[in-house]
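What follows is calculated from the coordinates using simple rules that are stated; it is not laboratory data. For clarity, every value in this text was computed on a predicted model and none was experimentally measured. Virtual Cβ from ideal backbone geometry, glycine too; neighbours counted across all protein chains shown.
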Amino acid sequence: MTNGEPHPTSADVMREQRLQRNLKIIVGGLGALILIGLGAVIIRVTGLATGSLGSGPVRSISAAWPPPSGTVALEIPKGSKVVSVSLSGNRLAVQHEGPDGTDITILDLQTGRRIVDVKPIEALPKN
């Protein structure tokens, strides 16, 4: 043992053991994070593949279309014509123009019922 290397003191040995213990804790924690992330990815992919996560933010239009009865009827005033139609999720907005002016009707395609009728009015000028 006299090959020119200094003998480690007890403080050096304790410092080395503490460093190794801390590194083991860090490696174990990072390994656990990797496993948790991998598990979350597997659960999400499995849920999307089976369609069991349909209530989340990603919804397909097939969940709302066709409606339960197969058709949705929208009554508009006589002499009116449909100007535009816009679909967002399970909501359908229909703009129609007639003798009484322009109206917008919003329908729920899952239930087939009218949600709201929007009647634009002319605003008075502000002084």
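Of all the residues in the stretch 2-19, those that are at negative phi and surrounded by fewer than 10 Cβ atoms within 10 Å (Cβ to Cβ) number 8. Which residues, counting only those in the stretch 69-116, are among the acidic types (Asp, Glu) and exposed (fewer than 10 other Cβ atoms within 10 Å of the Cβ)? Answer for the stretch 69-116, where residues must be among the acidic types (Asp, Glu) and exposed (fewer than 10 other Cβ atoms within 10 Å of the Cβ): just 75.
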